[in-house]
Structures are given as C-alpha cells and as structure tokens.
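Contents: one structure, followed by commentary.
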Amino acid sequence: MAELAALEDPKVREVNERHGDDHGVNLGKLRALAKRLKTQPELARRLWATDGSAARLLALLICRPKAFERDELDAMVREARTPKVHDWLVNYVVKKNPHAEELRRAWSADPDPVVAGAGWALTAERVAKNPAGLDLTGLLDVIEAELKDAPDRLQWAMNHCLAQIGIEHAEHRARAIDIGEHLEVLKDYPTSPGCTSPFAPVWITEMVRRQGGTTVA
C-alpha cells in the first residue's frame, strides 16, 4: 500500500476522475509492480479488501482467476463501482473463470445496471468466440428494445454486443447495422484519430472491411 501511495500522481488522478475513476496511479507503473510481485492469490484478496481502486487493480493483476468461487465473483462485481476496476474484473478475471457462463446468464438479467453490464460484456465475448447455443435474434430483439434508454455502462456493453453480432455473423449484419442507425447510440461519441468509432454501423463496417468481408450479408 505504501508503494501504491508513492506512485500516486495528481495529474493522473485528474485525468482518471474525468472518466469516473478515483485513483492517480499510472497503469504502466502498476503493471510493472504486478510483474515484480507475480501471482499471489492471498495478497490479491487482501488488496481487494482494502477497497481502494489502485489496490484493487493491482489485485486483479496478481490474482489467480480460476481460484475464485462463483459467489466471490458475484460479490466482487457488485463492489466494483468504478469503470476501470469493473472492466478489469470482467476481462482479466471473470472471463477466465469456470463460472463465467453461469454468471453471464445471471448477471445479464440483474436489476443493477452495472452488474447487467458485466453480463452483457460476457455475452459480447461469447458472440465473438463461442456463439454456439446463443439466440442471436433474441439478443438483437432485446438490444433494439432496451439499448437507447440503458444507463451508461450497460448501454456501452449492449452496444459492444450489437457490434460483435454484426461483425462476426454475416446473416445478422444488416439488421445489426439497421438497429444502430435507427437508435443512433454513441453516434456522436468523440473518437481519437486512428481509432474506430463505437457507433455500431461504423464499427461493424470498419471491422468487416479489415477482415476482407462485405457489409451486407
């Protein structure tokens, strides 16, 4: 904790706070510290219990993802209230855990929009990597009905899922683009030069182009 405190930079904190994060540690330096510590599951649990965002990010880098029980991960996702901690928890830990599919189904229907966002993030991962058994038409129905008015983090995850369906599944591509064009979610999101817009029609079209495919099935 003393090392983390020494890494605190007011300028980094100022930037992070604009995005809803409450720490001032440069992530490159945090990763270097994690590399030195290597995997330490018990230390990871103790760091998580401190409730500090920088400590929790470090915990997620040095934990053993497959060691967590389902109920532990469920509690952790409800405790992870800042965007970066939430994002790393889902992407670095839950996706690698054997309970990921069970949690995906439970979280997607959770009344807490942040928890539901975690479920949709896991669904987007399955759409891209393991779509067998998913009802893609049903997912598009839900996205079409709920995306526009979803809270920020849930909306972001649902939009990601919409884009993944359009990118990876040519038979649903035209409908995915139509939904994006109709709802206009993230259409005006500021995008840095060289980056792809998160607006689904643009995102889908660009990724399909890179893969050498066609936009319309």
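The values are calculated or read from the model by the stated rules, or taken from the named source; none is laboratory data. These numbers come from a predicted model, not from an experiment. Quick reminder, even Gly has a Cβ in these numbers, built from the backbone with ideal geometry, and neighbours come from all protein chains shown. Side chains are part of the model used for accessible areas, which takes the heavy atoms of the whole protein and leaves out ligands, DNA and RNA. Shrake-Rupley method; radii C 1.70, N 1.55, O 1.52, S 1.80 Å.
Remark: segment 57-175 carries 43 Å² of accessible area per residue (probe radius 1.4 Å; ligands, DNA and RNA excluded).
Taking the protein heavy atoms of segment 87-217 in the context of the full set of protein chains, the accessible area attributed to carbon and sulfur is 51 percent at 1.4 Å. Taking every protein chain into account, the 1.4 Å probe leaves GLU8 with about 70 Å² of accessible area, to the nearest ten.
Residues of segment 29-65 falling in the label zone of HIS19, defined by backbone nitrogen less than 17 Å from a point 7 Å along Cα to beta-carbon, are 29-32, 53-58, 60-61. The fraction of all Cα pairs in segment 91-173 landing in successive 5 Å bins from 0 to the largest distance is 3, 16, 28, 28, 17, 7, 1, given as whole percents.
Element breakdown for segment 1-64 at a 1.4 angstrom probe: carbon and sulfur atoms account for 53% of the accessible area. The alpha-carbon atoms of the chain define a convex hull whose volume equals 133 cubic angstrom per residue. Distance between the C-alpha centres of segment 175-202 and segment 105-153: 18 Å, rounded to the whole angstrom.
With respect to the chain, whose longest principal axis is taken over its alpha-carbon atoms, helix 53-62 is tilted by about 80°. Every helix of 4 or more DSSP H residues in the chain counts as -39500 (n - 2.57), and over all residues that averages to -18500 deg cm²/dmol at 222 nm.
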